[in-house]
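The structure appears right after this line, and notes come after that.
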Amino acid sequence: MTKQLIICNCSDSFSLDSDTLSSSGVFKCSQIHTGLCTTQAQSAADVMRGESTGQPIVIACQQEQDFFVELAADLEAPSPQFVDLRDRAGWSDEGAASAPKMAALLADAARATPETKTFDVTSEGQCLILGNAEIALKAAAQLQDYLSVTVLLPAGSDAPTERNCDVIAGDVRSVTGALGNFQVKVDSLQQLDPSGRGALQFGPAQNGAVTVCDVILDLRGTQALVPAPEKREGYLKADPKSLPAVSAAVLEASHLVGTFEKPLYLALDPTVCAHSRAEQTACTKCLDVCPTSAIHSAGDHVDIDPNICAGCGSCAALCPSGAITYDDPPVSALFARIHGLSEAYRAAGGLAPRLLVHDRVFGAELISLAARYDRGLPAAVIPLDLERVSGFGHAEMLAALASGFVGVDVLVSPTTDRGALDSELDLASALAGSQDALRLLAPEQPSDLCDALYLSPAPLTVTTPILPLGSRRQVTRLAAKALHDVAEPIPLPETAPYGAVLVDKEACTLCLSCASLCPSGALGDNPDTPQLRFQEDACLQCGLCTNVCPENAISLVPQLNTADTALSQQIVHEEDPFACVECGKLFGVKSTIDRIIEKLEGKHPMFATSEAARMIRMCDDCRVNAQFHQQDNPFTAGERPAVRTSEDYFSKRKDH
């Protein structure tokens, strides 16, 4: 359906090209307003009342979004959609050439947003305050009208003189859980004894106590009790020496009562997880990078606690098998946005676009400040806003390059988790064959951002842009083939999730332990003949095969082979089978049987004779048959004698 686009040039501060903005056929532009939020607000009101075309309304102004939402509410009209063309395109030293970028931003705004999956978190308002008596009891007095408060004082503290709330003393051993479901283990726990005359006293200390609560207010001024405390919902930590910080934490705690919707950031498919097999550890990338410790081992696969997960996306960016995928939004929706921006920009006449990936807090504000007070974004730099950029990995970077962008810049904030970004940038650069097309930008001032963008390095061009469809691994392979003219292996960093295995044929005995435990099926066997097969496209470089190989015959080669041979199984080692000397049945490997014969025949008591050694050359069935018919067969010894019991012994004693 065509949408009505209401445009405004903000007091003639930038230029708008109605023809270019309408060229896609998705939007029908209004006249160009100069003061839509002030002197021409009536025009917006008329459109909202449906007095114009009755089409869905999009207002090209982000700054005054609250004003237009209130206006729609007053008119009892649906709230319009908003898109920012001013700060991201119009306000720029190259604003006159920004019409293609505006068309791309409009195409992105018109794209339907996938619905976010959520679950409910319930907090009944049970709050545990940690800290010394002076600061913790004051905070409790402020919160007791809103929450059910318990104060935990350090072990050895004096009992309070008043009982306005529950007070205990002890040392916190550990904290697990999140908002609505914290579990706190306490040692040296002392409960207040309210009986008796005189000052109140704490009772005897007990270790191993466990308490549950919904909210934790940590005012101890020491190290946090959970990793990444700023990301743990319901855990509020403030410096007790800073009264503004304490007041802000108390205010936030007072609002943590009720039922809250929390996004399900990640999707997990445990069947393809390469964490371990047969108690042999393989991939631990997600466990190593998770800042909140929301991921834990659950046998052959990992599990994710959605209550603790903060949605940084680093685990999804690093997961080699695709067992963990980011789901807010799904990666397919992000690929579609990237391709749509490039396609719309080029369709509107733009050339050589660059992608600027930023978050919706720090990055959006920095872009806005750069537009208002500095040079703004260059006309060819198209911003892509995400909730967080820490999960923008090598697959997404390569998808952008292969979709027609000549470069990708990721704008990181001071609080961005860079556990995965740095390594993903190195991997993407190696796959793209360019160290300049991909960058991480960490500007401190708007001017720093402008300097970096206006002095962009040499572009990386793709002759035929691709449509990024499929999983992250599939898109990576498609992009790498588009970026390289010759189909040959691309050397990658050691931590890359793509590569081959190198088998030492002299050491390999074809025991096939690697094939039986390979989590991705990259290593396989042939049921008809001793063979070890390998499909390079499926290899995750998890290292499990190198860990389980008893001969240390396997090593990893990190690379991405863009040739079609990587998509099919290749024989990496094979030998002739051994034929049973009795029935001729093929079994085992000839070299292995010969090696066993060499070590045992005539050297071991069980194989001292030629007839006994001949059984080594027999298959399972023939070996059992030969053992049964040999002269000293233990199975022909007759029945075993009955067991002699104490009763038998005493019955034959003459003195009994």
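Quick grid of which residues meet (1) part of a helix (DSSP H, G or I); (2) modelled with pLDDT under 85; (3) loosely packed, with under 12 Cβ neighbours inside 10 Å:
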residue	(1), (2), (3)
603	no, yes, yes
611	yes, yes, yes
614	yes, no, no
628	yes, yes, yes
632	no, yes, yes
644	no, no, yes
653	no, yes, yes
656	no, yes, yes
Q | Options 442, 395, 400, 379; residue that is more than 25 Å from residue 345 (Cα to Cα) and either at pLDDT below 95 or of a type in the set (Gly, Ala, Ser) (or both) | A | 442
Q | segment 229-239, residues that are in a loop (DSSP other than H, G, I, E, B) and either open to solvent by 30 Å² or more (accessible area, probe 1.4 Å) or touching an Asp or Glu at 6+ places or on another chain (Cβ under 6 Å) (or both) | A | 233, 239
Q.
Looking only at segment 3-55, count every residue that is among the acidic types (Asp, Glu), part of a helix (DSSP H, G or I) and open to solvent by 50 Å² or more (accessible area, probe 1.4 Å) and tell me the total.
A. 1
Q | Residues of segment 56-84 satisfying the condition of being in a helix (DSSP H, G or I), of a type in the set (A, V, I, L, M, F, W, C) and open to solvent by 30 Å² or more (accessible area, probe 1.4 Å) | A | 67, 69, 71, 73
Q: Restrict the check to segment 631-644 and report whether at least one residue is out of contact with any Gly (no Cβ under 7 Å at 6 or more places or on another chain), within 30 Å of residue 515 (Cβ to Cβ) and of a type in the set (Gly, Ala, Ser).
A: no
Q. Within segment 119-135, can one find any residue that is of a type in the set (Phe, Trp, Tyr) and out of contact with any Ser or Thr (no Cβ under 9 Å at 6 or more places or on another chain)?
A. yes
Q) Which of the following residues is part of a loop (DSSP other than H, G, I, E, B) and within 23 Å of residue 451 (Cβ to Cβ): 93, 87? A) 93
Q.
Return the residues of segment 554-571 that are in a loop (DSSP other than H, G, I, E, B) and of a type in the set (A, V, I, L, M); say none if nothing qualifies.
A. 563
**Q.** Unique match (being in contact (Cβ under 8 Å) with a residue 40 or more places away in the chain, open to solvent by 20 Å² or more (accessible area, probe 1.4 Å) and in contact with a Cys (Cβ under 6 Å, 6 or more places away or on another chain)) among 488, 574, 494, 582
**A.** 582
Q) Looking at segment 324-335, which of its residues are surrounded by fewer than 24 Cβ atoms within 10 Å (Cβ to Cβ) and not in a helix (DSSP H, G or I)? A) 325, 327, 328, 329, 330
**Q.** Failed criterion for residue 467 (all others in (1) within 21 Å of residue 94 (Cβ to Cβ); (2) open to solvent by 40 Å² or more (accessible area, probe 1.4 Å); (3) part of a loop (DSSP other than H, G, I, E, B) hold)
**A.** (1)
Q. In segment 219-252, which residues are touching a helix residue (DSSP H, G or I) at 6+ places or on another chain (Cβ under 6 Å) and within 16 Å of residue 128 (Cα to Cα)?
A. 219, 235, 236, 237, 238, 240, 250
Q: Could you grab me the full set of residues in segment 258-288 that are open to solvent by 40 Å² or more (accessible area, probe 1.4 Å) and in a strand (DSSP E or B)?
A: 259, 260, 261, 268, 277, 280, 281
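Results for (1) closer than 23 Å to residue 200 by Cβ; (2) within 37 Å of the chain's Cα centre (by Cα); (3) crowded, with 16+ Cβ neighbours inside 10 Å, shown as yes or no for each residue.
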| site | (1), (2), (3) |
| --- | --- |
| 116 | no, yes, no |
| 128 | yes, yes, yes |
| 141 | yes, no, no |
| 144 | yes, no, no |
| 153 | yes, no, yes |
| 161 | yes, no, no |
| 167 | yes, no, yes |
Q | Residues of segment 203-221 that turn out to be part of a loop (DSSP other than H, G, I, E, B) and open to solvent by 70 Å² or more (accessible area, probe 1.4 Å), as a count | A | 3
Q: Select, from 147, 130, 105, 152, the only residue that is free of Cβ contacts under 8 Å to residues at least 60 places away in the same chain and of a type in the set (A, V, I, L, M).
A: 152
Q. From the list 425, 431, 411, 398, which residue is touching a Phe, Trp or Tyr at 6+ places or on another chain (Cβ under 9 Å), buried (at least 21 other Cβ atoms within 10 Å of the Cβ) and closer than 22 Å to residue 285 by Cα?
A. 431
Q | Conditions (1) over 23 Å from residue 525 (Cα atoms); (2) under 50 Å from the mean Cα position of the chain (by Cα); (3) hydroxyl-bearing (Ser, Thr, Tyr): number failed by residue 591 | A | (1)
Q: Just give me the residues in segment 165-182 being free of Cβ contacts under 8 Å to residues at least 60 places away in the same chain, outside any loop (DSSP other than H, G, I, E, B) and of a type outside the set (A, V, I, L, M), in sequence order.
A: 166, 170, 171, 173, 174, 176, 182
Q | Long-range neighbours under 6 Å by Cβ, at least six apart or interchain, first residue part of a loop (DSSP other than H, G, I, E, B) within segment 290-308, second surrounded by fewer than 18 Cβ atoms within 10 Å (Cβ to Cβ) | A | 291/228; 292/227; 292/228; 293/227; 294/305; 306/264
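The values are calculated or read from the model by the stated rules, or taken from the named source; none is laboratory data. Being a predicted model, the structure only gives us computed values, none of them experimental. Reconstructed Cβ throughout: ideal geometry from the backbone, glycine too, with neighbour counts over all protein chains shown. Accessible surface is based on the protein model in full, side chains and every heavy atom, while ligands, DNA and RNA are left aside. Shrake-Rupley method; radii C 1.70, N 1.55, O 1.52, S 1.80 Å.
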